[in-house]
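Working notes, beginning with the structure itself.
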Amino acid sequence: MKLIYEGHACFRIQSEGKEIIIDPYISGNPLAGKKAAEFKPDLILLTHGHGDHLGDALTMARSNHATLAAQVDLLNALDLQGIDNVAFNLGGSFDFAPFKITMVPAWHGSTVSSAAGPLYGGVACGYIIDDGQKKVYHAGDTSLFGDMGMVISRYGIDCALLPIGGFYTMGPEDAVTAADWLKADIVIPMHYNTFPVIKQDPQQFKQAVEAQTTAQCVVLSTGDELDL
Ligand code: NI
Ligand code: MN
């Protein structure tokens, strides 16, 4: 499994010739390294409906005939004409060979902005992405919550992608606790430094994770790849 960071909360995950993109916020993302049209995903996953996650998902799905998967209420708020979609919900899984995708909780909102005002987008979520070899947990936007230790750690996470920006999500101190509870081998920080209000020092986070937990912390810049 290969992981590629695309800035903010956007990651690509490749295995056996298939590619997933999570939260493809490329257009308007100050940290993006490419144009949205350059991406060729097979599957697009959304953690919630906010603009810095929904991003280019609909145009990317149409132009690549990619499948779009998200929480059912979020998909109900979107114009899905011409898009193959998987409308599932918390605790549920589906197979997208070689991957198994499981939706897990996150503590956050999920409205979708529209010209008519905010649309109800259900509940925010995270994902566990399993290619049969490794399991990656993308936490989405979330605060720290106890079920990271009680429920999500039970999946046997190899690599956890955790927001550290604060303000909209948990900050670095709570993310260190999340890393401890999740018992992942590798922790990767995300959702920081995109905007002034979520400015953080990822190297300081790395030091804290490696001092206080058994995890290794890998700091990625846009375009960086990690083989798991
Ligand atoms: Ni959000
Ligand atoms: Mn966000």
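The values are calculated or read from the model by the stated rules, or taken from the named source; none is laboratory data. Nothing here was measured: the structure is a model prediction, and the numbers come from that model. With ideal geometry, Cβ positions are generated from the backbone for all residues, glycine too; neighbour counts draw on all protein chains shown. Side chains are part of the model used for accessible areas, which takes the heavy atoms of the whole protein and leaves out ligands, DNA and RNA. Shrake-Rupley method; radii C 1.70, N 1.55, O 1.52, S 1.80 Å.
Here are a few things to note about the model shown:
- Leading residue at positive end of dipole, the chain (Cβ point charges), from Ala37, Gly166, Pro196: Ala37
- Debye log10 I(q)/I(0) at q = 0.22 Å⁻¹ for the range 116-228, Cα point scatterers: -1.27
- Among the protein heavy atoms of the chain, carbon and sulfur supply 49% of the accessible surface, probe 1.4 Å, non-protein parts ignored.
- Taking all Cα-Cα distances within the range 1-111, those exceeding 25 Å account for 13%.
- Cα pair distances exceeding 16 angstrom across the range 47-89, given as percent: 27 percent
- Reported value for the chain: 109 Å³ per residue, from the convex hull of its C-alpha atoms.
- 3J(HN,Hα) from dihedral phi, the range 189-197, Karplus parametrisation 6.51/-1.76/1.60, rounded to Hz, x for glycine, proline: x, 8, 6, 8, 6, 6, 10, x, 6
- Alpha carbon centroid spacing (whole Å) that separates the range 197-214 from the range 80-155: 24 Å
- Charge tally in the Cβ shell below 10 Å around Phe39, where Lys, Arg are +1 and Asp, Glu are -1, Phe39 excluded: 0
- Fraction of alpha-carbon pairs over 18 Å apart in the range 173-228 - percent: 32 percent
- Averaged per residue, the chain has 42 square angstrom of accessible surface, using a 1.4 angstrom probe with ligands and nucleic acids left out.
- Taken over the Cα atoms of the range 84-160, the convex hull encloses 102 Å³ per residue.
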